[in-house]
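Asks: Let me begin by handing over the structure; questions about it come next.
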Amino acid sequence: MKPSLRHFIPTGVFAAALAAGTLALYAEPQADTGPKGVVELFTSQGCSSCPPADRLVSAMARNPGLIAVSFPVDYWDYIGWKDTLASPHFTARQKAYASVRGDGHVYTPQIVVDGRSDVVGSDEDGVKEAIDANKGSGGALTVPMRLKDAAGTLHIELGAGTGDLARTSAGVFILRVAHTRTVTIERGENKGRSITYTNVVRAMRKIGEWHGEAASFDVTELKAEDEGYVVFLQQGTLEQPGTILAAAKSTGL
């Protein structure tokens with residue numbers, strides 16, 4: 001919340017400024033093997049330290065080689081402004097990650113990379129380092145995935161795992177994502193500001209299970225015109241999320 005403070009739930013927000021410099025990291029094209037990294041930003045309209053992280057995720061989202069989404073959380077609603085995009089389910093996801101890591105670190109802005117490690121949401125260099133370190137670690141982003149969104153149906157194709165992943169299981173999760181949402185904040189720490197949020201998750205649910213072999217899924221979902229889909233193949237459960245083995249996003253995100 002304040003630039004000099006770092007706190008954890010329930011006492012505060014991790015505050016940090018956006019690193020200076022260009023965003024050259026996020027200009028790389030997507031490789032045929034899939035995305036270079038998956039970035040989940042936990043953010044809040046009630047957090048004065050979050051706008052730099054929101055801008056960073058907006059920059060990352062423009063790169064087809066990265067998948068970047070925003071999960072607005074609700075635990076700062078009590079300080080004067082109710083986040084209009086937040087969900088308690090997103091707060092639960094953030095807390096679940098902290099529980100699995102065993103560090104208890106729940107703060108805003110916080111980025112989780114590939115379901116494996118957390119970084120200050122505005123720390124560009126830290127995010128880059130986590131993306132580089134995580135690719136392939138524990139099978140992160142090593143399973144092929146393709147999406148086809150047509151005629152109201154989302155078709156998901158998953159390849160087979162290699163090595164130990166050929167003998168494991170993981171959940172297939174679909175996220176309904178709004179491309180952008182601009183909010184004028186009337187109270188709280190960001191009073192008077194209009195902030196644009198990018199790739200904002202509106203809902204997330206499990207649609208199936210993958211067992212190490214090639215598989216496909218067809219899903220019919222209702223979404224607004226400015227929304228798209230992100231799909232995760234992720235070890236663990238919603239209550240105990242693990243490594244993201246594969247991910248893909250629909251056109252327009």
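Asks: Among the residues of the range 55-78, how many are within 11 Å of the chain's Cα centre (by Cα) and either surrounded by fewer than 24 Cβ atoms within 10 Å (Cβ to Cβ) or in a strand (DSSP E or B) (or both)?
Replies: Selection size over the range 55-78: 8.
Asks: Being at pLDDT below 95, of a type outside the set (S, T, N, Q) and under 21 Å from residue 191 (Cα atoms) narrows it down to one residue among 46, 12, 34; which is it?
Replies: After applying the criteria, what remains is 12.
Asks: Can I ask one more? Residues in the range 177-184: is at least one within 16 Å of residue 46 (Cβ to Cβ), open to solvent by 60 Å² or more (accessible area, probe 1.4 Å) and either out of contact with any Pro (no Cβ under 6 Å at 6 or more places or on another chain) or in a strand (DSSP E or B) (or both)?
Replies: Yes - at least one qualifying residue is present in the range 177-184.
Asks: Just for strands (runs of 3 or more DSSP E) wholly inside the range 201-253: which have at least 2 residues that are open to solvent by 20 Å² or more (accessible area, probe 1.4 Å)?
Replies: Result: 215-220, 227-236.
Asks: With the requirement that a residue be part of a loop (DSSP other than H, G, I, E, B) and of a type in the set (Gly, Ala, Ser), what does the range 105-153 give you?
Replies: Correct list: 115, 121, 122, 136, 140, 151, 152.
Asks: Quick one: count up the residues across the range 126-175 that are on the phi < 0 side of the Ramachandran plot, open to solvent by 60 Å² or more (accessible area, probe 1.4 Å) and not polar (S, T, N, Q).
Replies: Looking only at the range 126-175, we keep the residues that are on the phi < 0 side of the Ramachandran plot, and these are 126-135, 137, 140, 142-150, 153-162, 164-175.
Adding the requirement that they be open to solvent by 60 Å² or more (accessible area, probe 1.4 Å) leaves 128-129, 132-133, 135, 142, 144, 146, 148-149, 157, 162, 164, 167.
Those still in the list that are not polar (S, T, N, Q) too: 128-129, 132-133, 135, 144, 146, 148-149, 157, 164, 167.
Residues in the range 126-175 being on the phi < 0 side of the Ramachandran plot, open to solvent by 60 Å² or more (accessible area, probe 1.4 Å) and not polar (S, T, N, Q): 12 in total.
Asks: Go through (1) touching a residue at least 60 places away in the same chain (Cβ under 8 Å); (2) part of a loop (DSSP other than H, G, I, E, B); (3) aliphatic (A, V, I, L, M) for residue 172 and report which single condition fails.
Replies: All conditions are met except number (2).
The values are calculated or read from the model by the stated rules, or taken from the named source; none is laboratory data. Quick caveat: nothing in here was measured; it's all calculated off a predicted structure. Don't worry about glycine lacking a Cβ; one is built from the backbone with ideal geometry, like all the others, and counts go over all protein chains shown. Please note that ligands, DNA and RNA were not included when accessible areas were found on the heavy atoms of the full protein model with its side chains. Shrake-Rupley method; radii C 1.70, N 1.55, O 1.52, S 1.80 Å.
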